[in-house]
Amino acid sequence: MVAAAVDAQHRGDRGLLAMQVRRRQAGLALGRRGRVSGRGVVHAPRSVAAARRVGQRGGDNAGRHQHPVRQNGMTPRAAQRRPARRQQQQPQPGHDTIRPPGARDLLRELQLPLDALRWLPQALRLRRRHTTRPRHVMLLPGFGADERSMAVLRLYLRRVGHVVADWGQGRNTGRLGRLLPALKARVQEQVLAAGEPIVLVGWSLGGYLAREIARDHPQWVRKVVTLGSPVVGGPRYTAVSLWYRLRGHDLRRVEDQVAGRYATPLRVPVAAIWSRRDGVVAWRACVDRWSPHVRDIEVSETHLGLAFAPSVLAVVADEVERD
C-alpha cells in the first residue's frame, strides 16, 4: 500500500513537471508575439500580423485586452500628440537663444578704415549707374545718429535718380514713444507730397522704426529696406543694451513686446540687409523668420560700414527699384 502511494506520488510529480515544461514551451513559442501575464493576457505584440493571430487564438477578450501596436517606437495616441508638441516648440519671435555682441565683436568695427581701402575700386563702378524707375525715398538713421550719418547713402540715391528725403527728427534718441508719433506724421506728409507710397530705408534702429510704420500703415509704404536692424529682442541683442539697462528698462519685457508686434503681420515687402561681421547688432537678431514678405540679403561689412560700402549702396539701390 505504501509502495502504491509512493508510485502515485512519483507519477504525479512527473505529470506536474511535464505540465510545467509544456507551459514553458508554450510561453517560448509565444515570445515572438508578446509575453504572457499571470492572467493569460497577451501584451504589446510586435507586429500587426502577430496581433491579429493572437486575437484569433485568444478570442474576442484577448483582442480587447492587448496593447496598441507601436509604430516607430510610439503608440498611435502618442504619435498623434507628437505633431502638436512640435508645433508648440516652434521658435517664437523674440524667444531664440541669441548671443549679444561682446567686446571682441565690437572691436571688429575698428576695421572700417581698412574696409574703406577695399571699397575704392567698387566706388568707381558706382558712378555709371542711373535708374529708369525713380522712387520717393525716406532715410531713417540709427540709434544715436542723425541725418548726417546717412549723407553718403542720400547722395548716392539722388545721383541714381531717386527723390530722397530725411526723416526730419534730428538725432535718434531711441525713445520710441516720442519718435514714432512724430515720424508717422512725417511719413504721411511725404506720401501726400509724392502722391504715392514711399520707400523707407532704415539703418539699425531706423530700420526697426520703418518696419513698425509699415506694419501699422501699409498704405503709406511701398517697401522697407533695413540695414543691420534688430527685429528680434529690441535692444537686448545689441551693443547698446547696457545703455537701456542703466536707464531702468526691463529688456526681457521689451523683447516680449517686440515679439507681440508680430501678431500684426507685415504686408509690405521688406529687404533685410545684414552681416555676420556686425559688431553692434547680433546678426541672428536681424533675421526675420516669421514674416512672409521679408527677403534676407547677407553682405560682408561691419555695422558702421553698412551705410557706406559701395556694394551695399548698390544693393540698396536695387531694392529701392525692385517691386
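The values are calculated or read from the model by the stated rules, or taken from the named source; none is laboratory data. Note that the coordinates shown come from a computational prediction; the quantities given were computed from them, not determined experimentally. Because the Cβ atoms are built from the backbone with ideal geometry, glycine has one as well, and the counts that use them run over all protein chains shown.
Is it the case, given these coordinates, that ARG261 is closer than 27 Å to GLU109 by Cα and out of contact with any strand residue (DSSP E or B) (no Cβ under 6 Å at 6 or more places or on another chain)?
In short, no.
For every residue, the table says whether it meets (1) under 30 Å from THR97 (Cα atoms); (2) touching a residue at least 12 places away in the same chain (Cβ under 8 Å); (3) under 22 Å from the mean Cα position of the chain (by Cα).
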| site | (1), (2), (3) |
| --- | --- |
| LEU209 | yes, yes, yes |
| GLN219 | no, yes, no |
| LEU227 | yes, yes, yes |
| VAL232 | yes, yes, yes |
| ASP250 | yes, no, no |
| GLU255 | yes, yes, yes |
| GLY260 | yes, no, yes |
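Looking at this structure, is VAL137 β-branched (Val, Ile, Thr) and in a strand (DSSP E or B)? Criteria met by VAL137. The criterion of being farther than 23 Å from VAL299 by Cβ, touching a Gly at 6+ places or on another chain (Cβ under 8 Å) and in the same structural domain as ASP296 (by TED's automatic domain parsing) holds for VAL254. Considered as a group, the residues in the stretch 102-118 that are more than 16 Å from TYR237 (Cα to Cα) and of a type in the set (Lys, Arg) include one that is surrounded by the most Cβ atoms within 10 Å (Cβ to Cβ), and that residue is ARG108.
Of ARG129, ARG104, ARG171, all but one fail to be part of a loop (DSSP other than H, G, I, E, B), among the basic types (Lys, Arg), within 32 Å of the chain's Cα centre (by Cα) and under 25 Å from THR302 (Cα atoms); the exception is ARG171. Within the stretch 180-227, the residues that satisfy the criterion of being of a type in the set (A, V, I, L, M, F, W, C), assigned to a strand (DSSP E or B) and out of contact with any Asp or Glu (no Cβ under 9 Å at 6 or more places or on another chain) are ILE198, LEU200, TRP203, VAL221, VAL224, LEU227. From the list TRP243, TRP203, TRP220, the one residue that fits, being in the same structural domain as HIS136 (by TED's automatic domain parsing), under 26 Å from PRO121 (Cβ atoms) and of a type in the set (Phe, Trp, Tyr), is TRP203.
Selection of the stretch 258-311 for residues being outside any loop (DSSP other than H, G, I, E, B), out of contact with any Phe, Trp or Tyr (no Cβ under 8 Å at 6 or more places or on another chain) and among the basic types (Lys, Arg) yields ARG261, ARG295. As a summary of the residue check, ARG178 satisfies the conditions (1) in contact (Cβ under 8 Å) with a residue 40 or more places away in the chain; (2) over 23 Å from PRO134 (Cα atoms) except for the one numbered (1). Considering only residues in the stretch 228-252 that are polar (S, T, N, Q) and not in a helix (DSSP H, G or I), the one that is farthest from LEU192 (Cα to Cα) turns out to be THR238.
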